[in-house]
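A short write-up of the structure that comes next.
We did not get these values from a lab; they are worked out from the coordinates using the rules stated. Since the model is a prediction, treat every value here as computed from it, not as a measurement. Note: ideal-geometry Cβ built from the backbone for every residue, glycine included; neighbour counts use all protein chains shown.
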Amino acid sequence: MPRAALFDMDRTLVRRETASLYIRYQRTIGEATWRDAARVSYWVLLYTFGVIDAPGVAAKVMRGFAGMPETVLASRCDDWFRRYVEEHVADRGRAAVAQHLAQGDIVAIATGASPYAARPLARRLGIQHIVSSELEVGRDGRFTGRALEPLAYGAGKVVRAARLAESLGFSLKDSVFYTDSFTDLPLLEAVGEQVVVNPDPRLLRLARRRGWRIEAW
């Protein structure tokens, strides 16, 4: 049975919160105001402390995409990654991904973000698989303004990772997961090996108690 390595994106493979980087991009192209940026910063703060209403925030974000063609968001995310994200990709993250690929492991990004945000990073690092939250697309190729359940957050990320495991024939119990966030505890407990990277305070305390590997990228 193959072994898999799962990598969170924000503050793990990428040293920054990509939501904050995307709102900066939106301000550059005239799609967002400083009030929008302040709201995203507040959501990021809530996420960091694990007290965010993820479904509620996701619903608000999804409504903002209603009517947009899927191809437009994909193209914008490619441009955004090149201009705002790539410089923040962690060198040690690149090396860890390369090592797992060289070993023949299945490698996937496991993120609460959308696949459009994760795909440019996956392509850059040679990662073939993505576990993510998904936006509903209508028959006309435009977003409906709704997300497909479950979100790749908390227990929902485990559900989506398990679907990938089933489709590719690996076991989560034989996998390793790299993440910074206490909100990823359900998936950390579902895998066989845990690596906490740049951990938030709660995850750092837990990792020390449980003897999990701790790394700074």
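Numerical summary
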read-out	value
Between 0 and 90°, nearest 10: helix 201-210 axis offset from the chain longest Cα axis	20 degrees
Residue among Ser114, Gln128, Ala165 farthest towards the positive dipole end of the chain, charges placed on Cβ	Ser114
Peptides 197-203, 70-76 ordered by average Cβ neighbours within 10 Å, highest first	197-203, 70-76
Positive minus negative residues near Ala96 (Lys, Arg vs Asp, Glu; Cβ under 15 Å)	+1
The chain - mean residue ellipticity at 222 nm from DSSP helices (-39,500 (n - 2.57) per run, n ≥ 4, rounded to 500)	-14500 deg cm²/dmol
The chain: relative contact order as a whole-number percent, Cα under 8 Å and 6+ apart	26 percent
Nearest 10 degrees, 0 to 90: helix 34-48 Cα axis against the chain principal axis	20 degrees
Residues Met1, Met62, sorted so that the one with the fewest Cβ neighbours within 10 Å comes first	Met1, Met62
Local electrostatic count at Ala152 - Lys and Arg +1, Asp and Glu -1, tallied over other residues with Cβ under 11 Å	-1
The chain: angle of helix 54-65 to the longest principal axis, Cα-based, in degrees nearest 10	40 degrees
Antiparallel bridges, percent of DSSP beta bridges restricted to the chain (to nearest 5)	20 percent
